[in-house]
């Protein structure tokens, strides 16, 4: 079956309309994880890639709060958050630690380029 040139152009235009764009590296973020949790929103037009997290104590538990759930980054408690972990634009997320300790979360930020 042969497609007309018009059908091919319409098909390609439809496919490109649903593309998510490309990612372009923007910056490295080193965000505080604290008690109580530090809440942020991924900016519009950005994507965050959580690379790693640390605490200032071997007994510390660095975690993120996402969609009403708690996901642990650095400890032996389940459920574990497998890293890296991607967060889309406008995601509301909290970074925290237990027991009043301090911590850091390392994130790569990307621009979504259409």
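To the nearest Å, what is the center-to-center distance of region 30-71 and region 90-105, using C-alpha atoms only?
Computed from Cα coordinates, the inter-centre distance equals 4 Å.
Quick one: if you stick a label point 7 Å off each Cα along the C-beta vector at residue 83 and residue 27, how many nm between them?
2.1 nm
Measure off 7 Å from each Cα along the Cα-to-Cβ vector at residue 114 and residue 92, then give the distance between these two points in nanometres to one decimal.
The modelled label-to-label distance comes out at 2.7 nm.
Translational diffusion coefficient, Stokes-Einstein: compute it for region 21-113 using the Kirkwood radius over C-alpha pairs as Rh, at 37 °C and 0.692 mPa s, and state it as an integer in µm² s⁻¹.
Value of D from the Cα-based Kirkwood radius: 248 µm²/s.
How do 97, 113, 42, 105 line up, fewest other C-beta atoms within 10 Å first?
Starting with the residue having the fewest Cβ neighbours, the order is 113, 42, 105, 97.
Coordinate-derived values only; no laboratory data. Quick caveat, the model's predicted, so the values are computed rather than measured. Every residue, glycine among them, receives a Cβ derived from its backbone with ideal geometry; neighbour counts consider all protein chains shown.
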